[in-house]
2 protein chains.
Amino acid sequence: MAYKVKVFVTLKESVIDPQGAAATKAIQKMGYTSIKEVRVGKLIELQVEEIDGDLSATIDDICKKLLVNQEVEDYSFEIEEVAAQ
Amino acid sequence: MAYKVKVFVTLKESVIDPQGAAATKAIQKMGYTSIKEVRVGKLIELQVEEIDGDLSATIDDICKKLLVNQEVEDYSFEIEEVAAQ
């Protein structure tokens, strides 16, 4: 069995997001004033082959140790089975 | 009615992703050799207030003109209704 994992990394609410603020301004200048706030996070996609053990625990470990800075970021992930290649 | 929109931006398959390649190597060094490929994209979240017209068309326009470089990136988005603040 192979898997595709999507990790969603977002800045914590309390953290200022200059990139998002710039996007918000640019969108409002386009005339779309209904767009009130934009925040920019990361979408990290992992291709996983046959794995021994708990994939969910593995992904969580990778997030905590490598992909996510928990001081300023939150994360969640989805695991999807895909046909092995 | 208010909305939360999530835009998922990913590099096209044909485009090299150095950041993803670096993450793949780092993960494999951690011993997780089942992780075969990592690709890093963006998750852009927009807060939308009451809007006249077609929100989906608005978001599509914003993606094409501002958020996404269609030469090298693909995108999709989800619109979710939320309680107005």
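The values are calculated or read from the model by the stated rules, or taken from the named source; none is laboratory data. Computed from a prediction, not measured in an experiment: that's the story for all the values here. Reconstructed Cβ throughout: ideal geometry from the backbone, glycine too, with neighbour counts over all protein chains shown.
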Members of segment A:21-30 found to be crowded, with 19+ Cβ neighbours inside 10 Å and free of Cβ contacts under 8 Å to residues at least 12 places away in the same chain, listed by number: A:ILE27
Restricting attention to segment A:31-73, report how many residues are at the interface with chain B (Cβ under 7 Å from one of its Cβ atoms), without any contact (Cβ under 8 Å) to a residue 40 or more places away in the chain and not in a helix (DSSP H, G or I). 12
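Of these, A:ALA26, A:ALA2, which one is over 15 Å from A:GLU80 (Cβ atoms) and either at the interface with another protein chain (Cβ under 7 Å from one of its Cβ atoms) or not polar (S, T, N, Q) (or both)?
On the way: A:ALA2 fails: over 15 Å from A:GLU80 (Cβ atoms).
Criteria check complete, one pass: A:ALA26.
Every residue, every condition in (1) farther than 18 Å from B:LYS36 by Cβ; (2) surrounded by fewer than 18 Cβ atoms within 10 Å (Cβ to Cβ); (3) in contact with a Leu (Cβ under 8 Å, 6 or more places away or on another chain), yes or no:
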{"position": "A:VAL15", "(1), (2), (3)": "yes, yes, no"}
{"position": "A:GLN19", "(1), (2), (3)": "yes, yes, no"}
{"position": "A:THR33", "(1), (2), (3)": "yes, yes, no"}
{"position": "A:ILE59", "(1), (2), (3)": "no, no, yes"}
{"position": "A:CYS63", "(1), (2), (3)": "no, no, no"}
{"position": "A:GLN70", "(1), (2), (3)": "yes, yes, no"}
{"position": "A:GLU73", "(1), (2), (3)": "yes, yes, yes"}
{"position": "A:ILE79", "(1), (2), (3)": "no, yes, yes"}
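Go through the residues of segment A:47-56 one by one and say whether even a single one is touching a Leu at 6+ places or on another chain (Cβ under 8 Å) and either at pLDDT below 95 or farther than 26 Å from B:LYS12 by Cα (or both). Give the derivation first.
First pass over segment A:47-56, keeping only residues touching a Leu at 6+ places or on another chain (Cβ under 8 Å): A:48.
Those still in the list that are either at pLDDT below 95 or farther than 26 Å from B:LYS12 by Cα (or both) too: none.
Looking through segment A:47-56, none of the residues is touching a Leu at 6+ places or on another chain (Cβ under 8 Å) and either at pLDDT below 95 or farther than 26 Å from B:LYS12 by Cα (or both).
For the condition within 25 Å of B:VAL48 (Cβ to Cβ) and not small (Gly, Ala, Ser), what is the one hit in A:ASP61, A:ASP54, A:ASP17? I'd like the intermediate steps shown before the answer.
Values: A:ASP61 fails: within 25 Å of B:VAL48 (Cβ to Cβ); A:ASP54 fails: within 25 Å of B:VAL48 (Cβ to Cβ).
Exactly one residue qualifies, and that residue is A:ASP17.
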